[in-house]
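Throughout, read-outs are computed from the coordinates displayed, never taken from laboratory work. Please read these numbers as outputs of a predicted model, since none were measured by experiment. In this analysis, Cβ positions are derived from the backbone assuming ideal geometry, glycine residues included, and neighbour counts consider all displayed protein chains.
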Amino acid sequence: MSAPNKSYDPVEVEALKPEEIERLRDEAIAAFAAATGLDALHEAKVAHTGDRSPLALANREIGALPPAAKAAAGKLVGAARGAVNKALAERRVALEAERDARVLVEEAVDVTLPYDRAPRGGRHPLTTFAERLMDVFTAMGYSVAEGPEVEAEWLNFDALNMGPDHPARSTQDTFFLKDADSVVLRTHTSGVQIRSLLAAAEPPVYVICPGRVFRSDELDATHTPVFNQVELLAVDEGLTMADLKGTLDHMVASLFGEGISTRLRPNYFPFTEPSAEMDMVCFVCRGESVGNPDRPCRTCSSEGWIELGGCGMVNPRVLVACGIDPNKYSGFAFGFGIERMLMFRHNVEDMRDIVEGDVRFTLPFGMEI
Ligand code: DAH
């Protein structure tokens, strides 16, 4: 506050001189114009229109003036404050518009850009099915064994009782490796049997061997040059064909439901003797379509049985090749293709759908972990 007024003329109060009020007004307006952002404008607003701003203080001086001088002084300060507030409001509108325009540019979303979020995949049913199969056997005490895809010819053929001149050897459409002697892309997982027997000091051996195998077939609706097999081998004292049959029955019941059993049909494989082809009861019609034209079954072509793969009692010659005494030990084995099993289990009509890896095929199988 200034000293007590000696005059009635507000001009004599320093803070209320018209030049001073105009200066304060112009200073405030210039400060607003100089503010380049809304934060700076806020600071200028506090400094020039706040309770402790020079114009507010000048306004307070009016109260101390003699009544005759109050009106003119009030008009002067009021006009200045009005101009300041107007300038402030205009500057705010301008700065807000600038900010909005900038944000629109900075935060613009180009909806035509490619979608960059990685789409969710699906585990391949071959994987989940093989895992489920492994679970069935590991629960019975089997271990999972794996072997290399590039295999020694001796392990893929010779040790399995398929010597160089054995006719079965030429039926397997083998891929041989260029510039490499005596190795092939394995034509079946049966070689893992030999690896497992050689690795074990002495039976018992109970292994289940999943793996990729290769044959020089064209890719079509029912063939693929790369496919998956599962091989099972049990070697122990006193194993018989009844153990093989019981194991197969347990496997199909676990995978396809109670009451689904198997049957064996005589067949020939060099590495098993006796050998058999194994069939399972059709899990869709359970045999009811046989001789029943009113109830045809697509899954088993109304035959009541579905062919699974080969099996038998391990040929003693195989045991001997692995240094195991066939008089003390016996064993059983079986092998089948997983793609084929997947095809009839889920009505997949074209093998290519399984191998092409299109997520539209895998997703409907769900996210089984
Ligand atoms: N290795 C045979 C194949 O690929 C399948 C097979 C048949 C495996 C009989 C076996 C068996 O273990 O006992 O065609």
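Observations, loosely collected:
- Among the GluC sites (Glu not before Pro) found in the stretch 326-369, those both in a DSSP coil and sparsely packed, with 14 or fewer other Cβ atoms within 10 Å of their Cβ, are Glu349, Glu356, Glu368.
- Per DSSP, loop GluC sites (Glu not before Pro) in the stretch 104-162 with at most 11 further Cβ within 10 Å: Glu107
- Of all DSSP beta bridges confined to the chain, the antiparallel ones make up roughly 95%.
- Residue (of Val318, Val226, Ala242) at the positive-pole extreme of the stretch 125-365, dipole from beta-carbon charges: Ala242
- Hz values of 3J(HN,Hα) by residue in the stretch 159-171 - Karplus curve (6.51, -1.76, 1.60), Gly and Pro given as x: 5, 8, 6, 10, x, x, 9, 5, x, 4, 5, 7, 8
- Dipole check for the chain: with +1 at the C-beta of Lys and Arg, -1 at the C-beta of Asp and Glu, and the Cα centre as origin, the magnitude is about 1620 Debye.
- Listed by chain and number, the lysines whose C-alpha is less than 22 Å from the C-alpha of Lys328, apart from same-chain residues fewer than 8 away, are Lys245.
- Unmatched cysteines, the chain - criterion: no other Cβ of a Cys under 4.7 angstrom: Cys209, Cys311, Cys322
- Longest exposed-site-free window of the chain, the sites being chymotrypsin sites (Phe, Trp or Tyr not before Pro) in a DSSP loop that have at most 13 other C-beta atoms within 10 Å: 116-369
- Partners for Lys45 among lysines (Cα-Cα distance below 19 Å; same-chain residues under 8 apart left out): Lys86
- All other residues whose Cβ lies under 14 angstrom from that of Arg360 are scored, Lys and Arg at +1 and Asp and Glu at -1, for a net of -2.
- Taking trypsin sites (Lys or Arg not before Pro) across the stretch 60-168, the ones in a DSSP loop with at most 12 further Cβ atoms lying within 10 angstrom of their Cβ are Arg117, Arg120.
- Summing Cβ point charges (Lys, Arg +1; Asp, Glu -1) relative to the Cα centre of the stretch 225-323 gives a dipole of roughly 200 debye.
- Mean Kyte hydropathy of -1.0 or more with a Cα span along the axis of at least 20 Å, helices from DSSP in the chain: 18-34, 67-106, 241-256
- The helix-based estimate of mean residue ellipticity at 222 nm for the chain, built from -39,500 (n - 2.57) per DSSP H run of four or more residues and divided by its residue count, is -12500 deg cm²/dmol to the nearest 500.
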